[in-house]
Every structure is written in C-alpha cells, then in structure tokens.
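Worksheet: one structure, shown below.
The values are calculated or read from the model by the stated rules, or taken from the named source; none is laboratory data. Just so you know, these numbers come straight off a predicted model, no measurement behind them. Cβ placement follows ideal geometry from the backbone for every residue including glycine, while neighbour counts extend to all protein chains displayed. Just so you know, the surface numbers come from the protein's heavy atoms only, side chains and all, with ligands and any DNA or RNA stripped out. Shrake-Rupley method; radii C 1.70, N 1.55, O 1.52, S 1.80 Å.
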Amino acid sequence: MTNPFDLSGKVAVVTGANTGIGQAIALALAGAGADIACVGRTPAEDTVTQARALGRRAEIVSADLSSIEPVNRIIDETVEKLGRIDILVNNAGIIRRADSIDFTEEDWDAVIDTNLKSVFFLAQAAARQMLAQGSGKIINIASMLTFQGGIRVPSYTASKSGIGGLTKLLANEWSARGINVNAIAPGYIATNNTTALQADEVRNKSIVDRIPAGRWGKASDLGGAAVFLASSASDYVDGHILAVDGGWLAR
C-alpha cells in the first residue's frame, strides 16, 4: 500500500531554514523523503548537514526576504540545483515589539515587507513553476495572531492576519490548477522570536496557564503538520489554517 505521506522525489523550498521552526520543518520534510533548498540570510549549514545525513539532497540558497528582489532567483536556483520545486514553505518572518502608540513606520514596513509582501511574491514565483508542471504544495506560516489581536505587535498581527486571507485567496485561484495552498498556525513555540516572552516571568506564566497542553511548543511539534500539508495525504485540503497550538484556541 502506498504511503500517502511519502515525499520521495519531491523538492521543497523552506525559507528561514537556519533555525527554529524553519529548520524543524525542513528536517521533517527531509525525513519524509524530500530534497531541500534552505533559504535565508544566514546560510543554513547545520540544516543542510542534517538533511544530507538523512540521505537527502540539500542546498543553501542565500537570500534576504526583507524585499522581493531575490524571489525569482530563489526559484531559479532551486530548479537549477535540485531540478524542480514541488513544495514551498513560507516560514521566514520577523517581529517588532512596542506599544501601538509608539510604533514606528520603519518597524511597520519592515515586518509587513518580510512577513506578507515577500510571502505573496515568492508564492507567485513558485506557482509559475508549479502551474507549468501541474502540481505543487504551498504552506504559509500563520500564527495565533491570525485569529487574535495580541498586544504590542501591531505590524506582526496585521501581517499574520493577512497571511490567513492570502492563503484562502490563493487556494481559491490555484486549487483547481493542481496547487494546494494551506497554512500552519503555530501556538506559542520556544524559538528566538519568543525569547522575550519566555524571559518575562509574568507573561510566561499567563501563557503557559492558558495552554491546555501545559507547556510551550517545540519547533519539532510542527513537523508532522508540515509533512501532512506537503504530501498527497492533503490533496483535498485547500485554504485551511491548521493550528498547532497545544489547544490554545480551544480555551
């Protein structure tokens, strides 16, 4: 019986693959059989080493997604190095924290450009390749703040709310043409982006007290969801935002 989660022969592009969620997803996809193009400002040497140890091909694609300048090159380099592109994981993102009354235009633009604008245009560039081959999987990384407002992160909340809408729009346009577009919404995951929250004893306690699972998530907790959405097991899943949150939204 064929394994619907098998990604053998597939090529995945993962942005922000150097650490945290991006690294965990890249290695989960590699573990399921995919070859990986690791995209980021910082070369994902450790991720590539671990993926190759799993028997996969893995390549570094250096790119700064604070602008859309590199998006076409990312796709071209991936196809040149690995032959095709079947999966895109739009993980790269940044966050800026300040009270909304004090929030600057610079911090607004930096987050929106990286977290939303570059996501759309990289998806567009990947879709041109996927449409030509008649298939593809695009996985965006949403957030709990796709559903909620949060505090002191106005541009991040706006960007992740936008990711939810964009995921649905692209699914509407591309599903019938062979491309599944979905998103993963991580809960509170212990990564570099959440260091400040983890270090704040009051905020940390309020967060953990609300999570039914009773703990922060680990980056590796997202691997199974990524493999599912990247594989043929999700061929009839379109425009869905899959929360991996330890039950946060259920409470």
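Its Cα gyration tensor gives the range 106-251 an equivalent ellipsoid. The semi-axes, each the square root of 5 times an eigenvalue, are 29, 18, 12 Å from largest down.
Taking Cα atoms only, the orientation of helix 20-31 departs from the longest principal axis of the chain by about 30 degrees. In the range 3-150, the convex hull through the Cα atoms has an average projected area of 9.4 nm², a quarter of its surface area. Expressed as a whole percent, the accessible area of the range 1-151 that falls on carbon and sulfur atoms is 49 (1.4 Å probe). Across q = 0.12, 0.18 Å⁻¹, the range 178-250 modelled as identical point scatterers on its alpha-carbon atoms has Debye log10 I(q)/I(0) values of -0.39, -0.74, in the order of the q list.
With 32 Å as the limit, write out which pairs from LYS10/LYS205; LYS117/LYS205; LYS137/LYS205; LYS160/LYS205 have Cα-Cα distances beyond it, or answer none. Exceeds cut-off: LYS10/LYS205; LYS117/LYS205; LYS137/LYS205. Is the shape of the range 186-225 best called rounded, prolate or oblate, per the rule: a/c under 1.5 gives rounded, else a/b larger than b/c gives prolate, else oblate, with a ≥ b ≥ c the square roots of the Cα gyration tensor eigenvalues? Oblate is the answer for the range 186-225, as a/c is 1.5 or above yet b/c matches or exceeds a/b. Placing R0 at 25 angstrom, the Cβ-Cβ distance between LYS81 and ASP6 gives a FRET efficiency of 0.65 after rounding to 0.05.
Packing, taken as the mean count of other beta carbons within 10 Å per residue, orders the peptides 49-56, 209-216 from highest to lowest as 49-56, 209-216. In the range 114-177, one over the average inverse separation of all distinct C-alpha pairs is 12.5 Å, which is the Kirkwood hydrodynamic radius.
Mind running the shape call on the range 162-207? Use the C-alpha gyration tensor, a ≥ b ≥ c as the square roots of the eigenvalues: rounded below 1.5 for a/c, prolate if a/b tops b/c, oblate otherwise. Cα axes put the range 162-207 in the prolate bin. Here ASP200 sits with roughly 60 square angstrom of accessible surface, probe radius 1.4 Å.
Here the chain is treated as a Stokes sphere of Kirkwood radius computed over C-alpha pairs; at 20 °C and 1.002 mPa s its diffusion coefficient rounds to 118 µm²/s. Converting phi to 3J(HN,Hα) with the Karplus coefficients 6.51, -1.76 and 1.60 and the offset θ = phi - 60°, the range 156-169 yields 5, 4, 4, 5, 6, 5, x, 4, x, x, 5, 4, 5, 4 Hz in sequence order, with x at every glycine or proline.
Note that the range 44-52 has calculated 3J(HN,Hα) couplings of 8, 5, 5, 5, 4, 4, 5, 5, 5 Hz, one per residue in order, obtained from phi through the Karplus relation 6.51 cos²θ - 1.76 cosθ + 1.60 (θ = phi - 60°); glycine and proline are x. Evaluate the Debye formula for the range 1-87 with equal point scatterers sitting on the alpha carbons, no solvent, and hand back log10 of I(q)/I(0) at q = 0.18, 0.20 Å⁻¹, in q order, two decimals. Per q value, in the given order, log10 I(q)/I(0) is -0.68, -0.82. Direction-averaged projected area, Cα convex hull, the range 79-188: 7.4 nm², rounded to one decimal. Backbone geometry of the range 234-251 corresponds, through the Karplus equation with coefficients 6.51, -1.76 and 1.60 at θ = phi - 60°, to 3J(HN,Hα) couplings of 10, 5, 10, 10, 9, x, 9, 10, 8, 7, 10, 9, x, x, 3, 6, 7, 8 Hz, x marking Gly and Pro.
Amide H contacts under 5 Å for ASN140: ASN90, ASN182, ALA183, ILE184, restricted to partners 5 or more places along the chain or on a different chain, H placed in the peptide plane at 1.01 Å from N.
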